[in-house]
Amino acid sequence: MKEKKRLTAFIMSLFLFATLVMPINITEAYAEDNDKTNNSQAVASDENSRETQLLEDTNLSKVNKVVDIISFNDFHGNVLESGKNIGAAKLVGVVNEYKAKATTEYGVIPVSAGDLYQGTAISNLTTGKPVTAMLKAMGLEASAIGNHEFDWGINNINAWSKEGGFSFLAANIVKKGTEERVSYAQPYKVVERNGVKIGLIGISTPETVTSTLAENVKDVDFLDPVDTVAKWNKVLRETEKVDVVVVIGHAGAYQDSNTKEITGEAADIAKVEGVDAVIAGHNHSVVSGEVNGVPVVEGGYNGRALAKLTFTFDHSNKLIDVEPSVDVFLGKEATIPVDENVLKEVNDMNSGLSEILGQKVASLKERLSHDDKNTAVTPLGVTVAETMRKIVGTEIAVTNGGGIRRSLEQGDVTIGDMYEILPFDNTIVTLDVKGSDLYGIIEHGINTEGFAWGQYAGIKVWYNPEDGKVSSIRLNDGTKIDMDKYYSVAINDFMLTGGDKYDFSNAINAVNTNVVMRDAMAEDWNKNGVPEVDFNVLVAGEDTTVDKPTEEKPTEPNVPEEENKPSTPNTNNPSKPSNPSKLPQTGAPLTSDAFATMGIMAIALGGYMIKKKKSA
């Protein structure tokens, strides 16, 4: 019994010892296992961090790329800051501000849609030198060829391109009667930014045939823009392997202010399959929108705005998005950066010409507006036409509204102003126009599409504003235009050769006086002052003038023989301005002397008859 008690006591002791020792061991084992778990988690966390970092590094190489194509159009030589025109130094400042932000993910391509040079005295008198300096300073990549690039002939185009360091693009200009490209323009250019290849196709409007001197484009053809773009788009896609195709067109775009719908040549080009965006020009509009999902932009004129196409690409250069916009500078002029080097270069050139440009021509009592040239006959338009008429002594003068480029401000008029309102070296042409044809000519310049209204003097016109039909035309003295008579008319050589689609093919006795409109007007205004004329030369409604009765029947007009009608003006033998007299009076009115003579003859005849009767 005693032994059993001892065994039980021993077993209980062992049990108590085990209960005291085991928790320590279990705790140590748990701690050891926990350490192992924590270590595993730490290792896993480190692995995850490395994978995350690797993923982030990979995503950096896949970040989107952005390319801005910034453009301006119809600059027309406005290198001096004036009014709403910011000038060359500020335009370069804006472009270079964009370029300064360039990185491996962001690039900039500056381009122009044409009509760069012609338009101001400083540019005209130096054959575009300050404009070329501006284009070189901004690093222009390419420009479309505008109709006014032809105004001084084709010989300057290659020189401008070489000196300015840019390419002229015009895929649709070919040698006449062939498909051979001209030497002064490339059909396209491929520009690369950060590995993205962008194909630029140049287009010149076929309207160039009638919107510059015909002589300057007589050796070339302008192919259809839509067909041409389709052809070269295929070349860029299949041969050059470009990522996007952009058309730079000196081709007009018109945008409805309410619906935002875009129409015109540029809109037609945007419908070509494969075109990613279109840059427009020629009609001086501000446009930003889309045609069938394809962005179209246009930046106004004279450097007053900068159009922008923002392209976004993924890491593989796949196009994600294109965003069109236009930055208009009006009201921001004071904040625009200035390129000091360009400013100095332009000012130096201007100083060299200041003596000529600053010469006073005349003084204006009030502003002569040409603001409404696309919708009306303007005060300046009538004044210019009246001066033309006086210079060459014709009854009537007609000039194209687009040839007058801006309004004339009140105060002193200088030679520089004359170059700006009449920048083109057009000469005055005299010819005789039949009354019936005159109606058609005046109607052509009303309610126009694609060009400014006709401007005229020496006549007053009544018309229907709805359809533009002319119902009556009278000379300044009130005489109504006779459909069968010929009237002496002054026009310019641009119009004579089909400019703005005017048709003078039925006119007779055409003579190019070789007198430059601008120079002759400056001389006339300096000598005689700016003529004061009645600007109310176009009246909406019916002619209610009461004609005075006449006792004489007009004779048939003396129309020259058909073989004497020249097909083209005589431009080879310059002549002084002719001073054609007024048309000869038809019929001879009876004077009092004639009536007295006839009375004496009647008395004598009566006496003779009575005497004869008596003797019978």
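The values are calculated or read from the model by the stated rules, or taken from the named source; none is laboratory data. Bear in mind that the values here come from a model prediction, so they are computed numbers and not experimental data. In this analysis, Cβ positions are derived from the backbone assuming ideal geometry, glycine residues included, and neighbour counts consider all displayed protein chains. Only protein heavy atoms, including side chains, enter the accessible area calculation; ligands, DNA and RNA are left aside. Shrake-Rupley method; radii C 1.70, N 1.55, O 1.52, S 1.80 Å.
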Exercise. Exactly one of (1) modelled with pLDDT of 95 or more; (2) farther than 17 Å from LEU236 by Cα; (3) outside any helix (DSSP H, G or I); (4) acidic (Asp, Glu) is unmet by GLU149. Its number?
Worked result: (3)
For this session: Scan SER369, SER354 and give me the residue that is free of Cβ contacts under 8 Å to residues at least 12 places away in the same chain and more than 30 Å from ALA507 (Cα to Cα).
Result: SER354
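Looking at GLY153, GLY107 in this structure, which one is farther than 25 Å from SER82 by Cα, of a type outside the set (Phe, Trp, Tyr) and touching a helix residue (DSSP H, G or I) at 6+ places or on another chain (Cβ under 6 Å)?
Numbers: GLY107 fails: touching a helix residue (DSSP H, G or I) at 6+ places or on another chain (Cβ under 6 Å).
After applying the criteria, what remains is GLY153.
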Problem set entry | Candidates ASN73, ASN38, ASN34, filtered to the one that is among the polar types (S, T, N, Q) and at pLDDT 95 or above | ASN73
Problem set entry | the stretch 322-352, subset part of a loop (DSSP other than H, G, I, E, B) and of a type in the set (A, V, I, L, M), residue least open to solvent (accessible area, probe 1.4 Å) | ILE336
Seminar exercise, completed: Within the stretch 516-548, of all residues that are among the aliphatic types (A, V, I, L, M) and open to solvent by less than 30 Å² (accessible area, probe 1.4 Å), the one farthest from ASP425 (Cα to Cα) is VAL537
For this session: Kindly indicate whether any position in the stretch 308-317 is modelled with pLDDT of 95 or more, within 22 Å of the chain's Cα centre (by Cα) and hydrophobic (A, V, I, L, M, F, W, C).
Result: yes
Exercise. For the subset of the stretch 291-314 comprising residues that are exposed (fewer than 15 other Cβ atoms within 10 Å of the Cβ) and touching a residue at least 12 places away in the same chain (Cβ under 8 Å), which member is farthest from GLU192 (Cα to Cα)?
Worked result: ASN292
Exercise. Applying the selection to the stretch 130-160, what residues are open to solvent by less than 30 Å² (accessible area, probe 1.4 Å), of a type in the set (S, T, N, Q) and within 24 Å of ASP493 (Cβ to Cβ)?
Worked result: ASN147
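Of all residues in the stretch 261-292, count the ones that are assigned to a helix (DSSP H, G or I) and in contact with a helix residue (DSSP H, G or I) (Cβ under 7 Å, 6 or more places away or on another chain). So that I can check it myself, show each step before the final result.
Applying the first criterion (assigned to a helix (DSSP H, G or I)) to the stretch 261-292 yields 265-270.
Pick out the ones that are also in contact with a helix residue (DSSP H, G or I) (Cβ under 7 Å, 6 or more places away or on another chain) and you get 265, 268-269.
Of the residues in the stretch 261-292, 3 are assigned to a helix (DSSP H, G or I) and in contact with a helix residue (DSSP H, G or I) (Cβ under 7 Å, 6 or more places away or on another chain).
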Seminar exercise, completed: Pairs returned, first residue in the stretch 494-516 that is under 13 Å from ALA214 (Cα atoms), second residue that is acidic (Asp, Glu) and outside any loop (DSSP other than H, G, I, E, B), beta-carbon separation under 8 angstrom, 6 or more apart or interchain, are PHE494/ASP500; THR497/GLU215
Seminar exercise, completed: The residue that is most open to solvent (accessible area, probe 1.4 Å), considering only those in the stretch 192-231 that are in a strand (DSSP E or B), aliphatic (A, V, I, L, M) and farther than 19 Å from ALA280 by Cβ, is VAL220
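If I filter the stretch 157-215 down to residues being among the hydroxyl-bearing types (Ser, Thr, Tyr) and out of contact with any helix residue (DSSP H, G or I) (no Cβ under 8 Å at 6 or more places or on another chain), which single residue comes out as nearest to ASP276 (Cα to Cα)?
Looking at residues that are among the hydroxyl-bearing types (Ser, Thr, Tyr) and out of contact with any helix residue (DSSP H, G or I) (no Cβ under 8 Å at 6 or more places or on another chain), I get SER161.
Among the strands (runs of 3 or more DSSP E) confined wholly to the stretch 392-508, which include 2 or more residues that are open to solvent by less than 20 Å² (accessible area, probe 1.4 Å) and of a type outside the set (Asp, Glu)? Reasoning before the result, please.
On the way: elements: 396-400, 411-414, 427-434, 454-457, 459-463, 470-475, 486-492.
Counting at least 2 such residues, we get 396-400, 427-434, 454-457, 459-463, 470-475, 486-492.
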